[in-house]
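Let me begin by handing over the structure; questions about it come next.
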Amino acid sequence: MANELSSSHEVYDAARWVAPNSVREIYATWFERSSVGDNLAVLVAEGATPSLPLAGYLVAEVWSAQPVFWTPACVYIHDIFVRPPARATGAGDALFRATVNWGQARGQRQFRGLVSSQNPAARGFFERRGFRVTATEITLDT
């Protein structure tokens, strides 16, 4: 599934969203960290049928306050991905609710993420759950 997410980002803007050489290595590092510590969550939504055993996943991490950027501590949602056949089934919402519960249990009250400007479906997903745009990333390629 991580490869599917990575590929979709490159479609949005291949200069901004550069896939790592090994998506597997990146995610393996996250999975190792999540088993060691308590500030990383790797959640998986099971599929409803044998042909779709995994519907989606979410990776989130507790980030410390960043006084240089005037931002409080938060839960940062690195990835949320639901396979197309499982969309509109509640899988994404279940992953999101579990993440909010996980973050609140750790004393976190703010949740953040980064969504491609070329991905209105993802932006809508977050906005329907109360997220608001708080910054706009700008990029120059030379």
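Laboratory data are not the source of any read-out in this text; all were calculated from the coordinates shown. Since this is a predicted model, take the numbers as computed values, not measurements. Note that each Cβ is placed from the backbone with ideal geometry, even for glycine, and that neighbours are counted across all protein chains shown.
Rule-of-thumb check for the stretch 61-135: C-alpha Rg over 2.2 N^0.38 Å?
Normalised Cα radius of gyration, the stretch 61-135: 1.15.
What full-extension length gain, to one decimal in nm, is calculated for V100 and E46 as 0.36 nm per residue of separation minus the Cα-Cα distance?
Contour length minus Cα-Cα distance gives 17.6 nm.
Another question, then. Taking the beta-carbon count within 10 Å as an exposure proxy, list W70, W30 from fewest neighbours to most.
W70, W30
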